[in-house]
Amino acid sequence: MRKHIVAGNWKMNLTFTEADELLDDLMSELEKVELPRDEKVIVCPPFPYIEMASDYANDSYFAVGAQNVSDKDKGAYTGEVSAAMLESCEIDYCIVGHSERRAYYGETDALVAAKVDQLLAHNLSPIVCVGEVLEEREAGRQLEVVKKQVEGGLFHLDAENIKKIVIAYEPVWAIGTGKTATPEQAQEIHAYIRSLLAAKYGKEVADDISILYGGSCKPSNAKELFACPDIDGGLIGGASLKAKDFMGIVTAF
Ligand code: 13P
């Protein structure tokens, strides 16, 4: 059975002290609740706070993920962080192909595929983001766009490796805009992504892959989104920066 996952993407926010406070608040909140055994909480802070987050996580309350990784193995690539480095910090996840990286740093499907390979080679689970921009949705092209991203970023993998992937559907028009996809809109794309996976890898494999929704997800709308059959949780931006809001989503299943 696939996991339910709520992952917080802090993006480029918070100072060291603020990050420390948020992790502290999050721990006290998580200590109060008993989460279902099939639910996983992941925190993805900026690189400098990964070690601090791992110390807090303590193997129990949440897992830690990075927000980006290099497509290169190692060497003279100033400013890059390799999958081997992330592995040596003992973290388990890494976001890849976020729309902000696609839009501002020219990340292509081929680059996403290379980063996915790096992560898998170093025993990290990639959280691979896909999603259409507003003009594409308005032109009715959302399925075509998502198909291209899923195929280009992931379909070089074999069935054994595809099972290690988490997919996040994040319609770009819903990110940070306060405009959430309706449960019907999100469910349609999630079911479509699962059908693509089923056609390529078989239904059993497709049914095991967690597909998260991201885009202005908050405590007030998480419940109805997570109630959809193909929505297995959320990738949370803004609301992951406040422990109470994040917990409101973590406890929405
Ligand atoms: P918001 O939750 O702030 O809309 O961001 C979503 C996101 O991009 C998570 O990766």
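Each reported figure results from applying straightforward, stated rules to the coordinates on display, with no laboratory input. Everything numeric here is computed off the predicted structure, so don't read it as measured data. Reconstructed Cβ throughout: ideal geometry from the backbone, glycine too, with neighbour counts over all protein chains shown.
For LEU124, LEU35, which order do you get if you count the other beta carbons within 10 Å of each Cβ and list the fewest first?
In order of increasing Cβ crowding within 10 Å: LEU35, LEU124.
Would you mind calculating the relative contact order of the stretch 125-253 from Cα pairs under 8 angstrom and at least 6 residues apart, reporting the percent as a whole number?
24
Cα gyration tensor of the chain, axes a ≥ b ≥ c as square roots of the eigenvalues: rounded (a/c below 1.5), prolate (a/b > b/c) or oblate?
It comes out rounded by the Cα gyration axes.
Report the gain in length on full extension from SER28 to MET1: 0.36 nm times residue separation, minus Cα-Cα distance, nm rounded to one decimal.
Taking 0.36 nm per residue and subtracting the Cα distance, the gain is 6.8 nm.
Give a residue-ordered list of calculated ³J(HN,Hα) values for the stretch 124-131 (Karplus: 6.51 cos²θ - 1.76 cosθ + 1.60, θ = phi - 60°; whole Hz; x for Gly, Pro).
Ordered by residue, 3J(HN,Hα) equals 10, 8, x, 9, 9, 9, 9, x Hz.
Calculated from DSSP H runs of 4 or more alone, at -39500 (n - 2.57) each and per residue, what is the 222 nm mean residue ellipticity of the chain, nearest 500?
It lands at -12500 deg cm²/dmol.
Please compute the length gained on full extension between ASP208 and ALA103, using 0.36 nm multiplied by the number of residues separating them and subtracting their Cα-Cα distance.
Computed gain between ASP208 and ALA103 is 34.8 nm.
Pull out the extension gain between LEU35 and ASP55, defined as 0.36 nm times the separation in residues minus the alpha carbon to alpha carbon distance; nm, one decimal.
5.2 nm
Do any chymotrypsin sites (Phe, Trp or Tyr not before Pro) in the stretch 44-98 lie in a DSSP loop with no more than 10 other beta carbon atoms within 10 Å, and if so, which?
Here no loop site has a sparse enough neighbourhood.
Can you give the FRET efficiency for ALA198 and GLU138, using 1/(1 + (r/R0)^6), R0 = 22 Å, r = Cβ-Cβ distance, to the nearest 0.05?
Result of the calculation: an efficiency of 0.20.
Grab the beta carbon distance between ASP73 and LYS179, set R0 = 45 Å, and tell me the FRET efficiency rounded to 0.05.
That pair, ASP73 with LYS179, gives E of 0.70.
If you filter the stretch 1-93 for trypsin sites (Lys or Arg not before Pro), then keep DSSP loop positions with at most 12 other Cβ within 10 Å, what is left?
Within the stretch 1-93, the qualifying trypsin sites (Lys or Arg not before Pro) (loop, at most 12 other Cβ atoms within 10 Å) are ARG37, LYS74.
Using the Cα gyration tensor of the stretch 1-88, with a ≥ b ≥ c the square roots of its eigenvalues, what is the shape: rounded (a/c below 1.5), prolate (a/b larger than b/c) or oblate (neither)?
Cα axes put the stretch 1-88 in the oblate bin.
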